[in-house]
1. Could you give every pair whose Cβ atoms fall below 6 Å, whose first residue belongs to the stretch A:362-382 and is farther than 19 Å from A:P332 by Cα, and whose second residue is among the β-branched types (V, I, T) and at pLDDT 90 or above, counting only separations of at least 6 or pairs across chains?
2. Kindly indicate whether A:V430 is within 20 Å of the chain's Cα centre (by Cα), part of a helix (DSSP H, G or I) and either under 24 Å from A:L760 (Cβ atoms) or touching a residue at least 12 places away in the same chain (Cβ under 8 Å) (or both).
3. Of everything in the stretch A:66-113 that's acidic (D, E) and surrounded by 11 or more Cβ atoms within 10 Å (Cβ to Cβ), which residue is modelled with the lowest pLDDT?
4. Considering only residues that are part of a helix (DSSP H, G or I) and crowded, with 16+ Cβ neighbours inside 10 Å, which ones fall in the stretch A:44-60?
5. Does the stretch A:402-421 hold any residues that are assigned to a helix (DSSP H, G or I) and crowded, with 24+ Cβ neighbours inside 10 Å, and which are they?
6. Which pairs have Cβ atoms under 8 Å, sit 6 or more apart or on different chains, and link a residue in the stretch B:34-59 that is closer than 19 Å to A:G768 by Cα to one that is of a type in the set (V, I, T) and not in a helix (DSSP H, G or I)?
7. Looking at A:F732, A:F703 in this structure, which one is touching a Ser or Thr at 6+ places or on another chain (Cβ under 7 Å), away from chain B (no Cβ under 14 Å) and either surrounded by fewer than 17 Cβ atoms within 10 Å (Cβ to Cβ) or at pLDDT 50 or above (or both)?
Amino acid sequence: MTPFSSVTRRKMCIRESGSEYDCISELGELGLVEFRDLNPSVSSFQRRFVSEIKRCEEMERILGYLLREIHKARIAVPEEDESPLAPPPRQVLEIMEQLQRLEMELSEVAKNKEKLQRNLLELTEYTHMLKITQTFIHSRSRHEALGPQYEEFPTMETDSAGGCTGMQRLGAKLGFISGLIQRVKVEAFERMLWRVCKGYTILSYAEVDESLTDLDTGEIGKSVVFLISFWGDQIGQKVQKICDCYHCHLYPHPENDEERADVLDSLRTRIQDLNNVLHRTEDYLRQVLQKASESAFSWVVQVKKMKAIYHILNLCSFDVTNKCLIAEVWCPISDLAKLRGALEEGSRKGDATVPSFVNRIPCTDTPPTLLRSNKFTSGFQSIVEAYGVGDYREVSPAPYTIITFPFLFAVMFGDLGHGIVMSLFALWMVLTEKKQNKKRSNNEIWTTFFNGRYIILMMGLFSVYTGLIYNDCFSKSLNIFGSGWSIKAMFTNQQWTNKTLQNNALLTMDPNVSGVFNGPYPFGIDPIWNMAVNRLSFLNSYKMKMSVIVGVIHMSFGVVLSVFNHLHFKQKFNVYLLFLPELLFLLCLFGYLVFMIFYKWLAFSARESNRAPSILIHFINMFIMQGKDITPLYPGQTGLQIFLLLVAMLSVPVLLLGKPLYLYWLYRGGKGLRRRRGYERVRRASEDNSITPSYDDDEEEGFDEVSNREPLPKQFDFADVCLHQAIHTIEFCLGCISNTASYLRLWALSLAHAQLSEVLWAMVMRLGFKITTKVGVVFLVPVFGLFATLTVSILLVMEGLSAFLHALRLHWVEFQNKFYHGTGVKFVPFDFSLLPSVFEQEGLL
Amino acid sequence: MPSLLFCGPKMAACGIVISIWGVIMLAMLGIFFSAKSAVLIEDVPFTEEDITKDQNPPQNIYSLYNQVGINCFIAAAVYVAVGAVSLCQVRLNKRQEYMVT
C-alpha cells in the first residue's frame, strides 16, 4: 500500500450469532476495523449490555482500590510481556468473585490495623503523660521544700512540710486535668485558660520528645503534655470544656506515686502486646497484597478488554429474529481476508452453530482515511495530520515532507557543529528506543521529543549538510579545500604596499587583479568570508535569492501535486481550468524572477560587476512596462517580458470564470450547440464522470470506488460556484506574491542563527582565551562549560524550536494550500492496544 | 567511609556529555590554534604592540597562537578528568538504584 493516498474502505456488515463476544475479541486483538454506532439515538443507560458494563466498572473500582493498596505497601506489580486475552463470560464470574473476596479481606484488615494503631497511640500518649507529669510534681515538691513561695497549692504528698494551708483555707477541692495537646495550639490554650479562669488554674506543660502521628489527619507533629491544677468544680467544668475545644487527649491523673508506677507498668506490657499484634497484622496484609499483585496486571488487562468488547457490542444492533447481531464496520479492502479469518477464528472459539460472516454494503458517506505508516514515517505523518487529516483518497503530502521538512529546517538552522550535536542526540534516542519505550515516562515534553526522534535525526543530518554549504561551524568557517582568494597576489601585483597597510583600516580585495581570485571554492562558501567585514552584504544577497528560488520550486511542486488529485477524482476539466492557469500565473511571474536570478549569476562575472543590473529594478519595470532607458539583460528582453505578462494576465480570468462556466454548461446538458434530445440526455448523464460509484469485486484493487468530491447537484447554484471560484482565484493570485515573500523567512532565520552563534562565541568563548599563560586554563574550563550550556539552551533548543515552527508553517500554509484539503476523518480501528489504561495514567501500574 | 555520591543521575549524565564535547572540541581547537589558522585570529589576544614592535614578524603572534593552543590542550585534559569523575558518579548512581529496588 503506497503512502500516497489513503486506503480504500468498504462498509461491511458482520452478522454474528452466538459467538459475538469471541469474534469481537479476535477483531480487537488484530485492530483491523472501525465500528460504527448503529444505535445513536439510544442513551447509554438503555443499551443492551448495560449490566455487563456495570459489572466491569465494579471490577475496575475494586482493582483500583487494590492497586492503590499495593502501591502504598511499595510492592512492585510484575508486568507480563504478552497481554492476556479477554476472558470468556464464564470466567468473568470467577474473577469477579475473587476480586470481591480480596476487597473484603483487605478492608477488614485495614480497619483492624487502624483500630490497633489508634489504641497504640493512646497508650503511648498516656505513658508520656505519666512520665512527664511525674517530673512536674517532683519539681514542684522540691520547690515546696524550699519554702512556701507560692500561695497556690500543695503537692499531693499531703504529709510534706509545705502544708496545705492555702487550699484548705479556701475549702475547695483541688483537681487535676492532664493530657496532651498539639504543640501549635499550646500558646492559644494557655491564653484562653488564663482569660477564662482568671488565674485560678495553673498550667504546666512540657514537650514530648517523640513526634507522634495524629491519626485523624495523618500529620506527624510534636505534642505537649500539660497538667492543669485547679480548684473548684465550676472551674473544673470550664477547663474541661476548653480542653474539648482544643481537641486535647485527656487521660486520668493518678493520685499518687504508687498508682502511677502501677499504671506505667501495665501500660508497658499492653504496648508490647499491641506492637506484636500490629506487626503480625502488617505481615499478613503484606502477604495478601503480594499474592494479589501477581495476578493484578492480567486482571487489569482482562477487565479493560472485556469492557471494550461490551462497549462495541452495544454499538451493534440486533436483527429481527433477535438471535443475530449486526455490526457495521469500516474495513480496508486489503485486510478483508484477515477479517474473514478473524471471524472464523472467533466463531470457532465461541462454538457457534452458525459461523459469522461479512457482506459488503454500498454506502454514500465518505469513509475515514487510513494511511499506513511505520515508526519512521509516523512522525512526519503526525505533523501533516496536525494541520488536517486528508480527505479520502487524497494525495498526502507526508512522503514528500520526509525530505522537504528537514531541508527547509536545515536552511534556517545551517550550522555544522549544531547539526552534529543534534544528530548525535537523535541517534542516541533512536538507538535506545526499545529501552525508552519500556520506560514510558510521564514527562510530556520528553515524550514529544522522543516521538519525533526520526524527525530530529533527519533535521540534524540535513543541518550538517547546510552547515557545510554555509561553511559555518559554531560560527567559524572550516578551510577544507583551500580558499580561492589570495591576499599575497594583491602585493605581488603592486596593488598594496606596506604603506597601504599602515594608512588604511579597511582594504578591498579586487578580484579583477590576476591571482587574487583563483576560482570558486569547491563546496560551499569560501572560508575567507568569515574574516571579511562585508560578509553580511554578500551572504544576505545570496540567501535572499536562494530563499526565493526554494520558495518558487516548493510552491510549483505543490501546484503540480494538485494534478494527481484532479486526475484521481476524475475531474479532468480541473486540469485545464484550474491547474494550467495556476501554474502559468506562478511560473510566468515568479518563475521568470528565478530565471533572471540565475541569468545574472551566470552572465555577469567579476569583470562586469560594477555595471551588473539590479534584478529588482528589472522586475518592477516589467510590471509597469517601462524599461526603455536601461540596458536590457539580454536581447529580446522587452518582448519576452510583455509576452509573459500577457500570459499571466490572461490566466487570471480563465481561473476566475473557466470552471463556473464549464460546470454551468455541463448542467445545462453539455454540447449546447446540438439540440437536446431526451435519450441523449440520459446517455450524457451516464457518461458523465460525476456520480456513479461502481460496485466492484472485493478482490480487485485496481478499480476503486469513485467517490466524487463534487457530485453534480440537483440544483446548480451558479452564483455560489462563481463566488467560490472568485475567492479561490483571489486567494491564489495574491497568495502567490505573499507566499513568495514569506519564504524570505528562510533567509531571516538563518541570518539570526548565524549572528547569535557569532555573538555567543565572541562574548563567551573568547573570554576563555584572553589569558595566555597557564593560568588561563582556570578560566577556559568553566567558560567552555558555560558556552556548551548556552549553545544547547539558546541555539539548539530555542532556535531549533523556532526553525521547526517556521518550517512547519511554510509547509502548512504556503505548500499545502496549493493542493491539500485536509478535511477528512481519521480511521480509528478498534484495537485493544490503543485503548488508554486509567491505571497507567495514575502511575499505579 | 562517607558516600562518594554527590550528584544525581541527571547531573552526572550532563557531566559526561559536556566532558565528551569538551574533550573533542578543545582538542580540535588546540590543533587549529597550533596550526595558526587564520579564521581564529580574532580569538588570539594580541595587542597593537605585538604587530608593530615585532623584531621578527610574525613570531610574536605565532607564539601567542601556540600558547593559546597549549591552554586548549590542557583544558581538554582537565575535561578528561571531569569526564572520569562523572562516569564514576553514573556508575555509583546505577548501583544505588539497583540496591533500592
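The values are calculated or read from the model by the stated rules, or taken from the named source; none is laboratory data. The model shown is predicted, which means the values in this text are computed figures rather than measured ones. Positions of Cβ are backbone-derived with ideal geometry, glycine not excepted, and every protein chain shown enters the neighbour counts.
1. Here the result reads A:G379/A:I455; A:F380/A:T401; A:F380/A:I402, each pair linking the stretch A:362-382 to a residue that is among the β-branched types (V, I, T) and at pLDDT 90 or above.
2. Details: within 20 Å of the chain's Cα centre (by Cα): yes; part of a helix (DSSP H, G or I): yes; either under 24 Å from A:L760 (Cβ atoms) or touching a residue at least 12 places away in the same chain (Cβ under 8 Å) (or both): yes.
Spelling it out, A:V430 is indeed within 20 Å of the chain's Cα centre (by Cα), part of a helix (DSSP H, G or I) and either under 24 Å from A:L760 (Cβ atoms) or touching a residue at least 12 places away in the same chain (Cβ under 8 Å) (or both).
3. Step one: filter the stretch A:66-113 for residues acidic (D, E), giving A:69, A:79-82, A:94, A:97, A:103, A:105, A:108.
Then keep just the ones that are surrounded by 11 or more Cβ atoms within 10 Å (Cβ to Cβ); that gives A:69, A:79, A:103, A:105.
On the way: A:E69: 84, A:E79: 75, A:E103: 89, A:E105: 90.
Only one residue fits best here, namely A:E79.
4. Step one: list which residues in the stretch A:44-60 are part of a helix (DSSP H, G or I), which gives A:50-60.
Selection gives A:E52, A:I53, A:R55, A:C56, A:M59, A:E60.
5. The initial filter retains those residues of the stretch A:402-421 that are assigned to a helix (DSSP H, G or I), namely A:402-413, A:416-421.
Of everything in the stretch A:402-421, those that are assigned to a helix (DSSP H, G or I) and crowded, with 24+ Cβ neighbours inside 10 Å turn out to be A:F405, A:P406, A:L408, A:F409, A:A410, A:V411, A:M412, A:F413, A:H418, A:G419.
6. Note: pairs meeting the criteria are B:P45/A:I771; B:P45/A:T772.
7. A:F703
To keep it simple, each residue is scored yes or no on (1) within 14 Å of chain B (Cβ to nearest Cβ); (2) under 41 Å from the mean Cα position of the chain (by Cα).
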residue: A:F517; (1), (2): no, no
residue: A:W529; (1), (2): yes, no
residue: A:K545; (1), (2): no, yes
residue: A:V552; (1), (2): no, yes
residue: A:L567; (1), (2): no, yes
residue: A:L586; (1), (2): no, yes
residue: A:G591; (1), (2): no, yes
residue: A:F598; (1), (2): no, no
